[in-house]
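All of the numbers you see were taken from the coordinates with simple rules; none came from a lab. Everything numeric in this text was worked out from a predicted model, so none of it was measured. Positions of Cβ are generated from backbone atoms using ideal geometry, with glycine treated the same way; all protein chains shown enter the neighbour counts.
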Amino acid sequence: MQAHIVIKRKGNVELCGVISYGISSNVYILRDGKSALMVDSGYGPPYSNMLESLKKLNIKVDEIEKILLTHRHRDHINAVKQIFEENRDIKIYVHRGDAEVVQKKLKLDRDKLIKISNGGKIELKNITVKAIYTPGHTVGSLSYIWEDVLFSGDLVFANGMYGRTDLPTGNITRLVESLEKINKMNFRELLPGHGEIILRDAKMHVKAALRNARLKVKRKQIEVN
Ligand SMILES: [Zn+2]
């Protein structure tokens, strides 16, 4: 099940969300007129239906020009296949650390994938999104920032929760470093890969996650000693 919402409008620019209550990730869409970019695609059938979601949000699939992936996991990327059946012109953005796995999982032609690294900018009319390299959940995890909004993928969630680090290439120490990095940045809204979205005081949630993740590192060190 998903909720389809308009998170905010600013001039001609609209930020929409497909908020998931199941296996599929949340999906966010930034549009400026008839151009749109998507942050993660969700799982796709049978867990979500992005073509239906786009219809509900009044966005045509051929208006999607770019999909910015936060990381390699299927719940965030698999629906690219469904979307590609309707529009093959979309460019997919991913960090090089997760690029090969993404390419294999989606059976993508290499020229569809654009590798993006820390500080890289993705532009679409009046929208500029910046990539921030935030490994820890996976080695190629990216967050994206647009104005006051942080799209955090599975790095950090609402209420002090943070992403798993027990899956391949996960690393709790690097996750803590990534949380420290975004904790120094300016944003007010947190749009995570799963669960509740935060529209104010987002840094409080990041700080809580940082405290929790640091505690986990400490406990791990005690176990080792
Ligand atoms: Zn994940």
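How much of the DSSP beta bridge set in the range 2-224 is antiparallel, as a percent to the nearest 5?
Around 70 percent of the beta bridges assigned by DSSP in the range 2-224 are antiparallel ones.
Gaussian network model of the chain, Cα springs within a sub-10 Å range: biggest mean-square fluctuation belongs to which of VAL80, VAL61, VAL206?
VAL61
Can you give the extra length, in nm with one decimal, that the chain gains between VAL6 and GLU223 once fully stretched, where that is 0.36 nm per residue apart less the Cα-Cα distance?
On the way: separation 217, 0.36 × 217 = 78.12 nm, distance 4.60 nm.
Extending this stretch completely gives an extra 73.5 nm.
Only counting other Cβ atoms within 10 Å, I'd like VAL94, VAL6 sorted with the fewest neighbours first. Mind dumping the intermediate values first?
Values: VAL94 27, VAL6 12.
Lowest to highest Cβ neighbour count: VAL6, VAL94.
Are any of the pairs LYS181/LYS218; LYS66/LYS104; LYS55/LYS130 more than 25 Å apart by Cα-Cα distance, and if so, which?
LYS55/LYS130
Give the residue from GLY136, VAL217, ASN87 lying farthest towards the positive end of the charge dipole for the range 2-224; charges sit on Cβ (+1 for Lys and Arg, -1 for Asp and Glu) and the dipole is referred to the Cα centre.
VAL217
How fast does the range 72-161 diffuse by Stokes-Einstein, in µm²/s, taking the Kirkwood radius from C-alpha pairs at 37 °C and 0.692 mPa s?
Working: Rh = 13.9 Å.
Reported coefficient: 235 µm²/s.
Return the FRET efficiency for the residue pair ARG96, ASP62: r is the Cβ-Cβ distance, R0 is 30 Å, and the value is rounded to the nearest 0.05.
The formula returns an efficiency of 0.60 here.
Which one of HIS73, PHE187, ILE127 is farthest out on the positive end of the charge dipole of the chain, using unit charges on Cβ (Lys, Arg +1; Asp, Glu -1) and the Cα centre as origin?
Positive-end residue among those listed: PHE187.
Pick from VAL176, VAL13, VAL102: which is most flexible by mean-square fluctuation in a GNM of the chain where alpha carbon atoms under 10 Å apart are linked?
VAL13
If I stretch the segment between LYS207 and GLU52 completely, what's the gain in nm (0.36 nm per residue apart, minus their alpha carbon distance), one decimal?
Numbers: separation 155, 0.36 × 155 = 55.80 nm, distance 3.61 nm.
Roughly 52.2 nm would be gained on extension.
Could you work out the equivalent-ellipsoid semi-axes for the range 2-224, taking the square root of 5 times each eigenvalue of the Cα gyration tensor, largest first, in whole Å?
Whole-Å semi-axes of the equivalent ellipsoid: 27, 19, 16.
If you build a Gaussian network model of the chain, linking Cα atoms that sit under 10 Å apart, which residue out of LYS105, LYS55, LYS81 swings the most?
Answer for the Gaussian network model of the chain: LYS55.
Can you put MET1, MET161, MET204 in order of Cβ neighbours within 10 angstrom, beginning with the fewest? Write down the numbers at each step before the final one.
Values: MET1 9, MET161 16, MET204 13.
Listing MET1, MET161, MET204 from fewest to most nearby Cβ atoms yields MET1, MET204, MET161.
For the range 45-184, with only Lys/Arg (+1) and Asp/Glu (-1) charged at the beta-carbon, what is the dipole magnitude about the Cα centre, in debye rounded to 20?
With Lys and Arg at +1 and Asp and Glu at -1, about 280 debye.
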